[in-house]
Amino acid sequence: ASLPTASFTFPRKPLQTMAAQIFAMPTVAVRAAAAAPRRTTRASVKAARNVSMNGEYGASGTSFYTTTEKQESYDSLDAVLSAKCADPEIVAVIKEQLDACADITEALRSALVTVEGSANTFGDAQLSVDVIADQIMWDAVKSSAVVAWGASEEEPEVKPCNPNGRFTVCWDPLDGSSIVDNNWAVGTMIGIWSKESGTGDNGLIGATGRDQVTALIALYGPRTTVLVGLDDGVYEFSYGCTPEGCELADGTFEPWICSRKKIQIKPDTRIFSPANMRASAQLPGYKELLNFYQDEGYTLRYTGGLVPDVYQQFTKNMGIFTNPTSEKSPAKLRLAFEASPFGLLVEQAGGKTSDGVTGGSVLDVVINTVDQRTPLCIGSANEVDRFNKVVLGK
């Protein structure tokens, strides 16, 4: 089905109303931000946008600024899901997960980043924002009519939700705990399987990333945006945006609008994001690859957060993220919670993945344990091929 071509706008509950909600947690209570944001005039915004980016103080040719042009109108979440997702139960679980991402957004705007006093199952100290985000996700799946099983990266155990549900949902509630105190971008990764997948009764063990029915990746930065896999590609939805042309007479807006459609990742790139660089001390091929990127003038874009480092491939339409493994610097990425959701979306957008061992797709690696770790190379196809050749000798 094709989306309607006519321009239209959509009502929504004002953000101030949503921001007044209280998120009650077992160990922490957070009231979402009550202060109204400062506003600028449209004239000042337009003037800033018209500043020339050329000349002595202009942008360099390696900055890769966006080329996305403003639209006259933007499709609503409901309009896109109606046209691009034929399964009503998948629509339902997508909308539930987007609601959770919206709640996490509001919580992050008001919560201080402090040590919670608890630890996850790996002995890592939990931050207040970790606990809040994870509780929001658990509330979403336990109240769902379509989710049968849930599993969190904070406590990797598949737990029952609704016995009549259809899906198994796995998530990393807040990726980037080591950088969130800097107020850098962080995110949520969500993989969704049918409970019939795999070899057990929970839809996860024995399954692969390719068995996912969809995946969502949320990025919390100056804006909240979420990548969603639909029937014909990857779409991006933006939360709480108020673009010109989308305002109703009563001044309200849709919570979610579709900001990018059918995103494609080009086969070549000049942007690289090298994780686990310590492994280059034991992997001559990885050291050779890193030297190649520098010698050839590639642009380094790396924050140490998996979500922003891979998400940029969808906004820049290119990129390569590398995370190999070695004896002294083993891989730490979790197959079910991190590699599989991103792998599904990157490959759906025309990119490629490598499991970092055989050179095959990470989506074909069987999930044998909930907390299974994996190396990963992901992004522009030709650069993944280069990784397989130089680092793995494949």
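Side notes on the structure shown:
- Taking θ as phi - 60° and the Karplus parameters 6.51, -1.76 and 1.60, the scalar couplings of segment 315-331 work out to 8, 8, 6, 5, x, 9, 10, 10, 8, x, 10, 9, 4, 8, 10, x, 5 Hz in sequence order, x denoting glycine and proline.
- Solvent-accessible surface (1.4 angstrom probe) belonging to Asp181, in square angstrom, nearest 10: 100
- Net lengthening on full extension, Lys328/Arg373 (0.36 nm per residue, minus Cα-Cα): 14.7 nm
- Approximating the spin labels as points 7 Å out from Cα along Cα→Cβ, the Arg223-to-Thr242 distance works out to 1.5 nm.
- Sum of side-chain charges, Ser82 neighbourhood, beta-carbon under 15 Å (Lys, Arg +1; Asp, Glu -1): -4
- Whichever lysines have a C-alpha closer than 24 Å to that of Lys266, once near sequence neighbours (fewer than 8 apart) are set aside: Lys70, Lys84, Lys316, Lys352, Lys389, Lys394
- A Förster distance of 22 Å, applied to the separation of the beta-carbon atoms of Thr68 and Lys95, puts the FRET efficiency at 0.35.
- Gain upon complete extension [Ser143, Asp385; 0.36 nm per residue less C-alpha separation]: 82.8 nm
- Cα-based shape type of segment 186-309, given that a ≥ b ≥ c are square roots of the gyration tensor eigenvalues and the cut on a/c is 1.5: oblate
- Sequence-distant contacts, meaning Cα pairs under 8 Å at least 6 residues apart, place the relative contact order of segment 261-394 at 33 percent.
- Label-point separation, Asp364 to Asp181 (7 Å along Cα→Cβ), nm: 4.3
- Once the chain from Glu157 to Val357 is taken as fully extended at 0.36 nm per residue, the excess over their C-alpha distance is 69.4 nm.
- Where labels lie 7 Å past Cα in the beta-carbon direction, separation of Arg109 and Glu288 in nm: 5.1
The values are calculated or read from the model by the stated rules, or taken from the named source; none is laboratory data. As the structure is a prediction and not an experimental result, all values here were calculated from the model. Cβ coordinates were reconstructed from backbone atoms using ideal geometry, including for glycine residues, and neighbour counts include every protein chain displayed. These area figures cover heavy atoms from the full protein model, side chains too; ligands, DNA and RNA do not enter into them. Shrake-Rupley method; radii C 1.70, N 1.55, O 1.52, S 1.80 Å.
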